[in-house]
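Heads up: the structure comes next, in structure tokens.
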Amino acid sequence: MFFRKSSPEKIRRSLLTQVKESPFKQFLESPLPDRDQKIIDTEFLALDFETTGLDEKNDAILTMGYTVIKKGRVQLKHNAHQVIKINKEIPEKSIVIHKITHDRVDQGEHLHTVMESLLKKIAGRVLLVHFARIERGFLNAACEQIYGHKIPAYYVDTFEIERRRLQNIQPEVAPNLLRLFNIRERYSLPRYHAHSALEDAIATAELFLAQATHGSNLNAPVKQYLI
């Protein structure tokens, strides 16, 4: 349904022959999931970032949260939430929204450490996000900053799934209809606290399972939802 022209798997194989030994190369050693395999047989890493702004070139990741979907179930034992140390001022607006202060950030982990851990979790899985422009943009920027390359990965975007679904019903889709928690409400999913990376990751994971069940079933090929 949603395909990208370039193949992340081909990029992965090409990069594997170019990069030196590093956590990034260790990530590249794991093949990406087969696009033809069923959703039920695919592992997903639902990922969310809270950031200082929307520009991955000038803004920074404040927190990261993720959970895992395996065998069609959210695996809460794999949950993780991490505050990231940054060396720039946090805009006042960001502090108000995310409730993340300079004191909390100063006690966080360095981006290099967080990315090394995250790459291990992404390996062999499909990335699941809500509004991929943010997570993909900041993840690629972080990987380029640390390892010199963007990350080859498959993405599923719950925002895009819903946008396409609604466009089949109505010609124009109001932006507020595509907010994570407004979409969850239409699928009768409970409301969580907004602006928490971990809770947003869990919310995205639950939403995708509801969307997949509503749109087809968990035996459908994962390529049906890749962007």
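The values are calculated or read from the model by the stated rules, or taken from the named source; none is laboratory data. Only a predicted model underlies this, so the values are computations on that prediction, with no experimental measurement involved. Counting neighbours? That spans all protein chains shown, and the Cβs are built from the backbone with ideal geometry, glycine included.
Examine region 18-34 for a residue that is under 21 Å from residue 133 (Cα atoms), at pLDDT below 95 and surrounded by 13 or more Cβ atoms within 10 Å (Cβ to Cβ), and state whether such a residue exists. Break it down stepwise before answering.
Step one: list which residues in region 18-34 are under 21 Å from residue 133 (Cα atoms), which gives 32.
Then keep just the ones that are at pLDDT below 95; that gives none.
No: zero hits.
Within region 193-204, identify whether any single residue is touching a Pro at 6+ places or on another chain (Cβ under 7 Å), of a type in the set (Ser, Thr, Tyr) and within 28 Å of residue 29 (Cβ to Cβ), and answer yes or no. Walk me through how you get there before you give the answer.
Residues of region 193-204 that are touching a Pro at 6+ places or on another chain (Cβ under 7 Å), as a first pass: none.
Within region 193-204 (the criterion being touching a Pro at 6+ places or on another chain (Cβ under 7 Å), of a type in the set (Ser, Thr, Tyr) and within 28 Å of residue 29 (Cβ to Cβ)), the answer is no, since none of the residues qualifies.
Conditions: (1) touching a Gly at 6+ places or on another chain (Cβ under 9 Å); (2) within 18 Å of residue 143 (Cα to Cα); (3) charged (D, E, K, R); (4) not in a loop (DSSP other than H, G, I, E, B). Residue 93 meets all but one. Number of the miss?
(2)
Identify, from the list 183, 169, the residue that is outside any helix (DSSP H, G or I), over 26 Å from residue 118 (Cα atoms) and hydrophobic (A, V, I, L, M, F, W, C).
Working: 183 fails: outside any helix (DSSP H, G or I).
After applying the criteria, what remains is 169.
For residue 125, are the conditions met, namely being among the basic types (Lys, Arg) and under 17 Å from residue 58 (Cβ atoms)?
Working: among the basic types (Lys, Arg): yes; under 17 Å from residue 58 (Cβ atoms): no.
Answer is no for this residue.
When you look at residue 196, is it among the small types (Gly, Ala, Ser) and within 26 Å of residue 82 (Cα to Cα), yes or no? If you could, list the steps in order and put the result at the bottom.
On the way: among the small types (Gly, Ala, Ser): yes; within 26 Å of residue 82 (Cα to Cα): yes.
Spelling it out, residue 196 is indeed among the small types (Gly, Ala, Ser) and within 26 Å of residue 82 (Cα to Cα).
Can you tell me which of 119, 54 is in contact (Cβ under 8 Å) with a residue 24 or more places away in the chain, in a loop (DSSP other than H, G, I, E, B) and of a type outside the set (Asp, Glu)?
From the options 119, 54, the qualifying one is 54.
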